[in-house]
Amino acid sequence: MTVKINIDRHLCKSCGICVDLCPTSVFIFDESQMYPVPENIEKCIKCMFCELRCPDFAVEVITEGSDESEIDTGE
Ligand code: SF4
Ligand code: SF4
């Protein structure tokens, strides 16, 4: 895997914008927990829309070469 998505659940306001705008439908919205989940991460094209457009700065797109020690999947 060359990309990972970190959703900061302390910052996320469950607006669903990232789910709606992702061009390749990477996210599903977990209705029980009210958070987006990058379920289809293999479809990510690293366009960064989700990170750039999240109004609460809750999304971090971590690409190959980043410091993955900081990844927090929130699980
Ligand atoms: S756009 Fe940001 S605040 Fe809205 S659901 Fe996605 S991660 Fe949460
Ligand atoms: S970087 Fe682009 S393709 Fe990847 S999850 Fe975010 S919006 Fe979707």
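All of the numbers you see were taken from the coordinates with simple rules; none came from a lab. Nothing here was measured: the structure is a model prediction, and the numbers come from that model. No Cβ is skipped: glycine too gets one built from the backbone with ideal geometry, and neighbour counts run over all protein chains shown.
Each row is one residue, and each column tells you yes or no for (1) of a type outside the set (S, T, N, Q); (2) loosely packed, with under 14 Cβ neighbours inside 10 Å.
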site	(1), (2)
Thr2	no, yes
Ile7	yes, no
Cys12	yes, no
Val19	yes, no
Ser25	no, yes
Phe29	yes, no
Glu42	yes, yes
Met48	yes, yes
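Could you look through the stretch 1-38, keep only residues that are among the charged types (D, E, K, R) and out of contact with any Ser or Thr (no Cβ under 9 Å at 6 or more places or on another chain), and pick out the one that is nearest to ligand 2 (Cβ to nearest atom)?
Checked the stretch 1-38; the qualifying residue nearest to ligand 2 (Cβ to nearest atom) is Asp20.
Could you check the stretch 50-63 and list, in sequence order, the residues that are touching a Cys at 6+ places or on another chain (Cβ under 8 Å) and more than 10 Å from ligand 1 (Cβ to nearest atom)? I'd like the intermediate steps shown before the answer.
Going residue by residue through the stretch 50-63, those that are touching a Cys at 6+ places or on another chain (Cβ under 8 Å) are 50, 53-56, 58-59, 61.
Across the stretch 50-63, the qualifying residue is only Val61.
Could you check the stretch 3-55 and list, in sequence order, the residues that are without any contact (Cβ under 8 Å) to a residue 40 or more places away in the chain, in a strand (DSSP E or B) and not hydrophobic (A, V, I, L, M, F, W, C)?
Residues satisfying the conditions are Asp30, Tyr35, Pro36.
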